[in-house]
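The values are calculated or read from the model by the stated rules, or taken from the named source; none is laboratory data. Note that the coordinates shown come from a computational prediction; the quantities given were computed from them, not determined experimentally. When we count neighbours, we look across all protein chains shown, and the Cβ atoms used for this are built from the backbone with ideal geometry, even at glycine. Surface areas here come from the heavy atoms of the whole protein model, side chains and all, with no ligands, DNA or RNA. Shrake-Rupley method; radii C 1.70, N 1.55, O 1.52, S 1.80 Å.
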Amino acid sequence: MSGCKGRTRGRSHHVAKTTCRTPRVAGRVSTGFSTRGSRRRPIAGRSSFSNRRARPFRGRGLSVPSPPVLISSRASKTLRDLKGVALRRTFTRRDFLKAAGVGTAGMALLGANACSTEQGVQREPPRRPGGVDGGQNVVLIVVDTLRKDHIGAYGNGWIRTPNLDALAGESLRFTRAYPESTPTICARRAIHTGTRTWPFRNWDPPEGENISLRGWQPIPLDQVTLAEVLKQNGYLNLFVSDNLQQYKPAYNMHRGFDVWDFFRGQTTDKYRPIWTCPPERLNGAFIANPDSGTGGEQYFAQYFANTADRRDEEDWFAPRVFNRASEFLESARDVGPFFLTIDVYDPHAPWDPPEKYTNMYSEGHDGPEPYAPVYGPSDYLTEAQLDRMNALYAGELTMMDRWLGRFMDKMEELNLFEDTLVLLLSDHGMILGEHGLVGKPHYALYPETTDVPFMIRHPEGRSAGQTSDYFASTHDVAPTILGHLGIEPPEQMTGQNLTTFFSGGEPEPRPHFTLGYHDHVWARDDRYAMFSADDGSDAKLFDLEKDPKMNRNIAANNPDVVKRMYEGYVLRDAGGPLPEYG
């Protein structure tokens, strides 16, 4: 494998400086410059939209016209000049984009203007009783369904994610991060409590829950949440989300938050009468199986009813979430230390961004739009439909990225970066035709689903632009935040404090990692990845050194490796046999 000189493999998961010239395989990407032919492309730091001309889309010969030029020809030189230089707060995001030659229109699209929404409530801020004045703030950003390999900083060359790339350039970026369990609710239980949700013992879904996935339930009442600990230490806690799974009546992901705002209407949220769905919207969606839970007729009818009143881009969900988060910043900055959680559902399906975003990646499409997948084999889609689905996902991601940039501009405007720890991660990815599949089937634990981005920006810029191949995970979030703030975590929080990397230390070693998704398990070490049913049957094994994308199953010829990983990794980490449910 190619890699940085001086970087070791195996159990020493140290932080690597950005000395590589090529991205590494198997998720071991180092920041710096990647090569494509004879041209050099910045993949981290203050990256922004390229002015390059047409680029092949997914290798299938479809040339996509570039959007209008948004950055001058001096941008690449500016990025090269800044390579390896830690950006201090005296050189702001706006300064960077100006130095890179981004004009007024370009800065608007890249998120370089302050939010255009109304300011937060203007009032005399109250003082927090028992507060810790002078303590640092924390911003936690959870992005649903964000594929790691679709971000420029992680090596993607065709999707425009300038604001994610900019944040990555100022952060410690983990190249081997995985959720300890997935999907949505399971991952968030771990994020909020700092303890593993898997192996899904004592699964007890609330009455009326229509999603029957193991571990999918509210946070147990005997587990304390990160927000509750911070509140006891004088923090003002704020939460904004459009994730419909978290604001169901029986759920309690907002425990410990002083202020929360849930935007209604995502996917199947029963927000508007389903019969108010505009018929033309339903006719414009490709529905392969009307009865499918995802991508079916009821699914789309509810979503289109919920979003029938959208007119401008600001009416889409990601803009609304980040705009409200910006308002929260305005109202919280003078109150004392605050903890702000932003949980944005996009780029989760349905993928129906404003047309200008999809047009960045597709020349158009004849026929109904494949806005959402039917989980399972992809053979119900034509090649053109599959390409279009990829373009729709990419467009939704780029839209989310733009409004993330608007939020970061607000942080810049309020001078919050100097005393705010920022974390960004995802809960899972999405298969978009790879392995002959679409969606995130629980039995298909391939990198497109399991590999997630995870980055931490230190207020002082420590480890900016560096990478770590430590097996970081969702249950590390709470201990990491508390460790940075000098607050002792509750005994229940078994995750690791990742801020030890900032001072030259390391968390406890993780020579392997395991995760669970419903009735399937996954494990990996430095050499192999394996997934199987909970009882070890139907195991699939992959050699990550030779096959990082996990395309060649070698389980039949390596039963000893499968046995070692299942018994030595899965059952050991689970503390014994996995629970059985009827």
- Note on the structure: For segment 150-201, listing trypsin sites (Lys or Arg not before Pro) in a DSSP loop whose Cβ sees at most 16 other Cβ atoms within 10 Å gives R201
- Item | Set of segment 545-581 residues, backbone N closer than 13 Å to the point 7 Å along the Cα-Cβ line of T494 | 570-577
- Provide the packing ranking of 493-500, 287-294, i.e. peptides ordered by the mean count of other C-beta atoms within 10 Å per residue, highest first. 493-500, 287-294
- Rounded to 5, the percent of DSSP beta bridges in segment 137-511 classed as antiparallel: 30
- Query: Using mean Cβ contacts within 10 Å as the protection proxy, how do 436-448, 420-432 order, highest first?
  - Reply: 420-432, 436-448
- Task: Would you mind working out the accessible area per residue for segment 137-511, using a 1.4 Å probe, and quoting it in Å²?
- Result: 30
- Message: List the residues, sorted by chain then number, that are 5 or more residues from D261 or on another chain and whose placed amide H is less than 5 Å from its amide H.
- Response: F239, V240, S241
- Task: Give the long-range amide H neighbours of E369: residues separated by 5 or more places, or on another chain, with amide H under 5 Å away, using H modelled in the peptide plane at 1.01 Å from N.
- Result: A285, F286
- Query: Looking only at segment 455-492, which residues have a backbone nitrogen under 20 Å from a spot 7 Å from the Cα of E508 in the C-beta direction?
  - Reply: 469-492
- Which order do the peptides 400-409, 261-270 take when ranked by the mean count of other beta-carbon atoms within 10 Å per residue, highest first? 400-409, 261-270
- From the Cα centre of segment 183-199 to that of segment 240-316, the distance in Å is 23
- Query: How far, in nm, would the chain grow between D538 and D560 when pulled straight, counting 0.36 nm per residue and subtracting the alpha carbon separation?
  - Reply: 6.5 nm
- Compactness relative to 2.2 N^0.38 Å, alpha carbon Rg of segment 137-511: 0.95
- Query: If r is the Cβ-Cβ distance from K270 to D419 and R0 is 51 Å, what FRET efficiency results, to the nearest 0.05?
  - Reply: 0.80
- Diffing segment 347-360: the Karplus 3J(HN,Hα) column from phi (6.51, -1.76, 1.60, θ = phi - 60°), in whole Hz with x for Gly and Pro, holds x, 5, 5, x, 9, 9, x, x, 4, 4, 6, 5, 5, 5
- Message: Just the number please: accessible area per residue for segment 519-581, 1.4 Å probe, all protein chains included, in Å².
- Response: 49
- Above-threshold pairs, the threshold being 26 Å between Cα atoms, out of K148/K540; K410/K440; K148/K440: K410/K440
- Given a 1.4 Å probe and every protein chain left where it sits, what share in percent of the accessible area of segment 519-581 is carbon and sulfur? 48
- Message: What value in Å³ per residue do you get for the convex hull of the alpha-carbon atoms in segment 276-421?
- Response: 138
